[in-house]
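Accompanying notes for the structure given below.
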Amino acid sequence: MKSLILCIKTIIVKLVYYINIKFLKTNCLEVYSIDETISKILNYNSSVIRFGDGEMEIIKGKSIGFQKYDVELANKLKDIMATNYDNLMICIPDVFGDLNKYTDEAKLFWQSHLFRNRRIWNKQFDISKKYYNTF
């Protein structure tokens, strides 16, 4: 019974993700490639701030495996997201568009994560800006 429920949840997550990307044309955050990100770091001696699913969980008010939720930390993370300095690169996962470059397990993880969190990512980051790659 558990495997049937998991299978149904997986199908729902994939279907919602597919509809979101293919038909609704949800605004997607744009992310530079890994090579472009590394090139910027090396050529401009830039500093990097990396955001991933864990940081988003903290912003949502949840603890993660190695970090307890802290309201001050969550607020500082939000402030950093809005930062715009020349030599500071804000990096986010390259998962807001096509996920075919990832393994099936990674695809399902990110589809599920975005099913629950896409609005928060779009709210916290500027959709008109292109970000560097956290990977």
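The values are calculated or read from the model by the stated rules, or taken from the named source; none is laboratory data. This one's a predicted model, so the numbers in the text were calculated from it and none came from an experiment. Neighbour counts run over all protein chains shown; Cβ positions are idealised from the backbone, glycine included.
A few remarks follow.
- Applying the criterion of being out of contact with any strand residue (DSSP E or B) (no Cβ under 8 Å at 6 or more places or on another chain) and acidic (D, E) to the residues of the stretch 91-122, the residue that is nearest to K40 (Cα to Cα) is D98.
- Test for L29: is it of a type in the set (A, V, I, L, M) and closer than 17 Å to L114 by Cα: yes
- Number of residues in the stretch 52-79 that are of a type in the set (A, V, I, L, M, F, W, C) and touching a Phe, Trp or Tyr at 6+ places or on another chain (Cβ under 8 Å) equals 3.
- Per-region count, the stretch 81-114, residues touching a Leu at 6+ places or on another chain (Cβ under 6 Å) and free of Cβ contacts under 8 Å to residues at least 12 places away in the same chain: 1
- The residues in the stretch 28-52 that are farther than 12 Å from C91 by Cα and either acidic (D, E) or free of Cβ contacts under 8 Å to residues at least 12 places away in the same chain (or both) can be counted, and the count is 4.
- Of the helices (runs of 4 or more DSSP H) entirely within the stretch 1-117, those holding at least 2 residues that are buried (at least 16 other Cβ atoms within 10 Å of the Cβ) and modelled with pLDDT of 75 or more occupy 34-44, 53-59, 71-81.
- Residue in the stretch 100-108 that is hydroxyl-bearing (S, T, Y) and closer than 22 Å to S33 by Cα present: yes
- Summed over the stretch 71-99, the residues that are under 19 Å from I34 (Cβ atoms) and of a type outside the set (D, E) give a count of 10.
- Evaluating G65 against the criteria (1) of a type outside the set (F, W, Y); (2) farther than 30 Å from I8 by Cβ; (3) more than 16 Å from the chain's Cα centre (by Cα) leaves one unmet condition, (2).
- For the stretch 118-135, a residue qualifies if it is over 11 Å from F96 (Cβ atoms), modelled with pLDDT under 90 and either of a type in the set (S, T, Y) or part of a helix (DSSP H, G or I) (or both), and the qualifying residues are R119, I120, K123, Q124, S128.
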